[in-house]
1. Once the piece of chain linking S207 and R76 is laid out straight, how much longer is it, given 0.36 nm per residue of separation minus the C-alpha distance between them?
2. Need the full-extension length gain, L50 to D108, defined as separation in residues times 0.36 nm minus the C-alpha distance. One decimal, nm.
3. Which percent of the accessible area of region 79-167 is formed by carbon and sulfur heavy atoms (probe 1.4 angstrom)?
4. Of the listed peptides 210-220, 241-251, 140-150, what is their order by residue-averaged count of other C-beta atoms within 10 Å, with the highest listed first?
5. If L261, L50, L77 are ordered by their accessible area, calculated over protein heavy atoms with a 1.4 Å probe, which sequence runs from highest to lowest?
6. So if I restrict to the alpha-carbon atoms in region 82-197, what is the Rg, and what is Dmax, the biggest pairwise distance, in Å?
7. Calculate what fraction, in whole %, of the accessible area of region 172-282 sits on carbon and sulfur atoms when a 1.4 Å probe is rolled over the protein chains.
8. With r as the distance between the Cβ atoms of R221 and S26 and R0 = 45 Å, compute the FRET efficiency 1/(1 + (r/R0)^6) and round to 0.05.
Amino acid sequence: MTGEETARVAPAPTAPAMPAPALPASALALTRAAQELELRRDEFQLAVQLGLVRTVPGGVGARGGRRRVERSEVDRLRSAPDFPAGLRDRVRTVGTGKAAALLAVPQDRFTRLARTGHFSPVRFYLNRYRAVVWLYLAGELGEFALAHPGLLTGRLPKQIRERVDGGEDRRPRNWRARRLGLLLRSTEDPWARAAAIASLLGPGQLSEIVDDPYERAHLDRLRPEPPSGRTESAVARDLMDRLTVADDPDEILWHRMSLALALDEARADRPAPRPDTAPAPDAPTPRPPRGFVLIRPPAHRPRRSLLDRLRGRRGTAGAEPEGRSRGRLPSET
């Protein structure tokens, strides 16, 4: 299953916002739950993202609104016959070299299959040479070997060879689609869901879909954290931006349409916050989010049709390059 298929599942209808339920006294902090499940921090985070470990809202007064894990969930996982090895195996990730060894194929063959979208990376990191190192779930590789044994031996089909020779590399796109699916499943808030989709579009694309600067500011505040944390290196930041922002024309169009639909749901739920009332004398002056200048739009601003906004304005000032014009990403293999 590719990440593209995961992200295109229609979201379930969201229920009206309800007050946070009372937190059970037995609920554990995430760090404590990870210790009891005998998982490293990165393993536990991946287990939560994949839905292997269920979390609950932190409740009223929880520090930073952090989620927690109920004692019953920890007990359920610990009671499994294969605990803790089984849980660790389900979140085990491997790079290209180990993945090729796991499938008993040459590393070059695995890379060709990954570039043509036969595997979806679940994570990546930048090595000391600022090259992208993709990580894959070991369990999914085993499932692929059972389902497609013909692709692991003999000569690769002509279509795959031609796609690789043509420079195709679907690893970034499949990773983005997979991450979006995980983000959408992690929240029921319609504005947070819209922000997850908006994070895949550059500023130029976003401004064409979201005319209201206050809505763009709200989406920016809800933007998901970078997948590998924040970095001070300009080169690393540029690579991260190129990995996290859609670049194929059809991918961009898909996310533009998805964002337009998500915004309709968010606006129906509640409007984006606006500074319509003056702040209290002792309250700090609100600061606009990074990258946006908040200017109240005119009262009778003409609005373009939805179809025009989805299609975008090619060739206009500030428009972002379409397709693969950003060049090939430096990858380890």
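The values are calculated or read from the model by the stated rules, or taken from the named source; none is laboratory data. Values in this document were obtained by computation on a predicted structure and should not be read as measured data. Don't worry about glycine lacking a Cβ; one is built from the backbone with ideal geometry, like all the others, and counts go over all protein chains shown. In case anyone asks, the SASA skips ligands and DNA or RNA and just uses the protein heavy atoms, side chains included. Shrake-Rupley method; radii C 1.70, N 1.55, O 1.52, S 1.80 Å.
1. Working it through step by step, the gained length comes to 42.5 nm.
2. Gain in length upon complete extension: 18.0 nm.
3. Accessible surface attributable to carbon and sulfur in region 79-167 totals 52 percent.
4. Numbers: 210-220: 20.2, 241-251: 17.2, 140-150: 12.4.
Output ranking for 210-220, 241-251, 140-150: 210-220, 241-251, 140-150.
5. L261, L50, L77
6. 16.0, 49
7. Ligands and nucleic acids excluded, carbon and sulfur give 55 percent.
8. Numbers: r = 33 Å, r/R0 = 0.73.
That gives a FRET efficiency of 0.85.
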